[in-house]
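Beneath this line is the structure, given in structure tokens, with notes to follow.
The values are calculated or read from the model by the stated rules, or taken from the named source; none is laboratory data. Everything numeric here is computed off the predicted structure, so don't read it as measured data. Glycine gets a Cβ as well: all are built from the backbone with ideal geometry, and neighbour counts include every protein chain shown.
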Amino acid sequence: KEIETKGNVTAAISSMASLIAISIILRASIVGPFTGWENDIKSFVFSFFMGVAILEILGTFVNNAFLPRTSKEICADNNPAAMTILASVKIATALIIASAI
């Protein structure tokens, strides 16, 4: 709603960071040698959902630790600089999770 109606760049940066982070984890979950359908599907589902869960947990921790008023920064202040920092941290966290998968 923020992006569509108000043209909020900060909300767009947040959405973009989430999509990039999830796609990084998705790629890491898919890559690997084929060992059989059952094994690979179980491995993919476990890796993907655990990766996204860890990303959200760490994202919440980072938001609360470094920028506790994130929703205010996004909606009221429209502060793209603050959101760019959080987006960078989210993408870096996804890269770390992907290397661990």
Within region 27-62, the residues that are in contact (Cβ under 8 Å) with a residue 40 or more places away in the chain and assigned to a loop (DSSP other than H, G, I, E, B) are none
Just one listed residue, out of 34, 46, 61, is at pLDDT 80 or above, surrounded by fewer than 16 Cβ atoms within 10 Å (Cβ to Cβ), farther than 28 Å from residue 9 by Cβ and aromatic (Phe, Trp, Tyr), and it is 46
**Message:** Just to be sure before I move on: is residue 23 in a helix (DSSP H, G or I) and modelled with pLDDT under 90 in the structure I sent?
**Reply:** no
